[in-house]
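Worksheet: one structure, shown below.
Just so you know, all these numbers are worked out from the coordinates, no wet-lab data involved. Small disclaimer: the values here were computed from a predicted structure and weren't measured. Here the Cβ positions follow ideal geometry from the backbone for every residue, glycine too, while neighbour counts run over all protein chains shown.
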Amino acid sequence: MRSIIFCILCLLLLFTWVHAQYRRRPVFTCGGNVTGGSGVIGSEGYPGVYPPNKKCVWKITVPEGKVVSLSFQFIDLESDSLCRYDFVDVYSGHVNGQRLGRFCGTFRPGALVSSGNKMQVQMVSDANTAGSGFLAVFSGVLPNEQGDRYCGGRLDKPSGSFKTPNWPEKDYPAGVTCSWHIVAPRNQIIEVKFEKFDVERDNYCRYDHVLIFNGGEIDDARRIGKFCGDSPPAPVFSDGNQLLIQFLSDLSLTADGFIGHYKFRPKKFQITTAPPTTTTPVVTTIATVLSYSAALCQKKCKRSGTLESHYCSSNFVITGTVITAVARGGSAYITVSIINVYKEGTLAIQQAGKNMSAKIVILCKKCPFIRRGLNYIIMGQSDEDGRGIIGPQHFMMAFKAKNQRILAVLKNQRC
């Protein structure tokens with residue numbers, strides 16, 4: 001009898017301890033205003049599965065005179081190469097602030113630092129796949145307190161430089177995110193050149209990399225390029241008066257880093273003085289091709305040839321879904337989520353988790369005609385920076401399951 005009573009008492013004590021531990025665990029809700037010197041935020045219901053069709057906003061405020069440093073301890077959201085479905089956005093400030101990054105999947109970025117004492121975190125989920133969400137820790141730090149991890153900022157002088165933390169004394173640290181927002185007067189554009197460049201090499205720049213965007217936000221439709229490796233990118237010219245340069249390193253290998261220089265230029269500088277050399281920036285190279293192809297765009301659009309006749313003459317052959325399409329002038333700039341690669345050539349393929357994508361320019365936006373959300377077979381050429389180029393003379397058609405067998409046979413043949 002005594003042993004039974006003892007066991008009952010043990011169970012009661014265990015239940016009391018478990019209940020106390022459960023009560024100590026924070027309960028995460030959908031957004032809110034968070035103030036203090038430090039704290040923790042998490043997705044609604046974390047570590048359980050976050051709910052669908054929600055938009056949650058956390059407004060973080062630390063004491064005056066300090067900046068917000070945010071570190072993700074855990075992240076598990078629906079994975080997509082462009083983070084179109086479920087994602088977390090981080091902004092410097094509460095209203096109209098610069099976006100420091102958009103994240104999804106299980107990739108955990110380095111520390112994100114605001115320019116002032118306020119930061120906004122926004123999580124959006126759609127109706128489909130979900131995960132465990134995220135858990136992040138924030139703290140108020142002095143503007144340069146993080147030492148070798150502090151980088152980025154607004155650059156608005158006529159010329160200047162930007163570099164990775166620790167440059168040139170030692171490698172950049174792991175787990176860092178830096179964003180430089182360059183702003184010129186409205187009637188000028190921005191030229192960027194990298195003097196030295198050494199960022200962890202990967203064929204798809206999946207790990208450490210530099211992203212450059214037209215404008216002041218991370219917008220994939222306005223992305224100029226994604227760079228890694230030990231060869232400096234060609235000079236870059238902005239379309240307008242703003243550029244955003246983001247450097248990101250993961251939590252593993254590092255390298256020497258880079259130093260880059262920028263200067264403001266008159267709007268017509270790019271057209272009138274850009275030299276026709278191999279260092280010509282991507283935008284100028286494509287502009288030259290567009291000019292050369294203008295006559296082709298006037299002709300009636302009619303596909304010629306077959307899969308077999310175009311396969312060997314094409315630099316790349318892929319199947320994929322058009323997920324973004326932006327018209328600029330007489331051309332269309334599209335992003336393709338890749339279904340299969342039959343011939344890679346020099347096409348730059350970006351990978352995020354299991355998802356792969358590529359940037360392609362349709363020289364004549366009405367030939368071949370494309371629609372977002374549809375699947376295509378795409379055969380074309382690549383420019384010197386790995387962007388796909390499709391003209392009326394190339395081969396592109398709707399992709400159907402019956403085409404897979406033909407493409408598989410072509411992939412195994414010798415050209």
Expressed in µm² per second, the diffusion coefficient of the stretch 161-209 from the Stokes-Einstein equation, with Rh the Kirkwood radius over alpha carbon pairs, at 37 °C and 0.692 mPa s, is 245
Mean projected area (nm²) from the convex hull of Cα positions in the stretch 105-212 is 10.2
Over the stretch 189-234, the quotient of the Cα radius of gyration and 2.2 N^0.38 Å is 1.19
Distribution output for the stretch 148-271: share of Cα-Cα pairs per 10 Å bin in percent, first bin at 0, values 14, 47, 31, 7, 0
Rounded to the nearest 0.05, FRET efficiency between SER252 and VAL49 (Cβ-Cβ, R0 30 Å) equals 0.60
The value for the stretch 41-154 (convex hull of the alpha-carbon atoms, volume per residue, Å³) is 100
Of all DSSP beta bridges with both partners in the stretch 148-271, the antiparallel percent, nearest 5, is 90
One would report the antiparallel percent of DSSP beta bridges in the stretch 32-142, rounded to the nearest 5, as 90
Per-residue Cβ contact counts at 10 Å, fewest first, order GLU200, GLU308, GLU217 as GLU308, GLU217, GLU200
The alpha-carbon center of the stretch 46-104 and that of the stretch 171-231 are separated, in whole Å, by 21
Rounded to whole angstrom, the alpha-carbon centroid of the stretch 121-139 lies from that of the stretch 361-409 at a distance of 35
Counting every C-alpha pair in the stretch 299-411, the percent lying more than 21 Å apart is 29
Residues GLU195, GLU64 in order from fewest to most other beta-carbon atoms within 10 Å are GLU64, GLU195
